[in-house]
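Heads up: the structure comes next, in structure tokens.
The values are calculated or read from the model by the stated rules, or taken from the named source; none is laboratory data. Here the structure is a predicted model, which means the values were calculated and not measured. Every residue, glycine among them, receives a Cβ derived from its backbone with ideal geometry; neighbour counts consider all protein chains shown.
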Amino acid sequence: MNKLIFPVREKFQGGGQEMKLMISMIVFLFGLSAYCAGEGSLGTSNAEFAFKLYGKLKDAKGNVLFSPYSISTAFAMTYAGARGETEKQMAEAMCFKLPQDELHPAFDELQKKINSYSSDKKCQLLVANSLWPDKNYKFLDGYLKTIKDNYGSETRPVDYQKESDKACVEINKWVEDKTEKKIKDLIPPGAIDPLTRLVLVNAIYFKVDHPFIFFIRDSVTGSILFMGRMQNP
């Protein structure tokens, strides 16, 4: 089973006291055993990366919500063009165990499985990728083909050198459309300039009738939050 993990930290009131909970994971399981059996599988790598990244973010103030899968996908598209020491360091940082000729097809199968849930009215989960290369810059055809074949990526050449502001607007519009207008102005003004050569975009849209778990137990006090009510032992 593959894991799409959204670590969350919450604070809530209950039983006359403030109780701080660390909800380390909300895990969505998918029937992807073909890519999760064994140490070198994509599922194992994504889970390992999720825990490592959460370890860096868990002490931040306020709530923490992120999608390790989405981050991993964006870096995997970048990783496809890496070689030598850069490739080695990226694989270590992202916990990639599979060789490149197996890793990218694994992401392809995983994304197809995830997008198969998009037609479910009660639980919609959709992943979309896009590649925005500078039309005046020559990229290796093999790299562009890898991204297109394995990530379903739309390739949209733009002119960063002469129309960087226009490119920013186009990218933000694409993200807004793919996320049902939930994410607007992803790229702030000035982030893209005439020196930009490539922008990789990963958008994930998740909508469910009941997005949060209903049963939470505090491991220290034993108190339980069930259906919005606090119960003490």
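So the values come out like this:
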{"quantity": "Which numbered condition residue 15 fails, given (1) modelled with pLDDT of 50 or more; (2) more than 22 Å from residue 206 (Cα to Cα); (3) loosely packed, with under 15 Cβ neighbours inside 10 Å", "calculated": "(1)"}
{"quantity": "Strands (runs of 3 or more DSSP E) wholly inside segment 114-233 containing at least 3 residues that are at pLDDT below 95 and either out of contact with any Leu (no Cβ under 7 Å at 6 or more places or on another chain) or charged (D, E, K, R) (or both)", "calculated": "123-133, 198-208, 224-226, 229-231"}
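This table checks each residue for (1) in contact with a Phe, Trp or Tyr (Cβ under 7 Å, 6 or more places away or on another chain); (2) at pLDDT 90 or above; (3) in the same structural domain as residue 146 (by TED's automatic domain parsing); (4) farther than 18 Å from residue 143 by Cα.
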{"site": "41", "(1), (2), (3), (4)": "yes, no, no, yes"}
{"site": "44", "(1), (2), (3), (4)": "no, no, no, yes"}
{"site": "51", "(1), (2), (3), (4)": "no, no, no, yes"}
{"site": "55", "(1), (2), (3), (4)": "no, no, no, yes"}
{"site": "63", "(1), (2), (3), (4)": "no, no, no, yes"}
{"site": "71", "(1), (2), (3), (4)": "no, yes, no, yes"}
{"site": "78", "(1), (2), (3), (4)": "no, yes, no, no"}
{"site": "81", "(1), (2), (3), (4)": "yes, yes, no, no"}
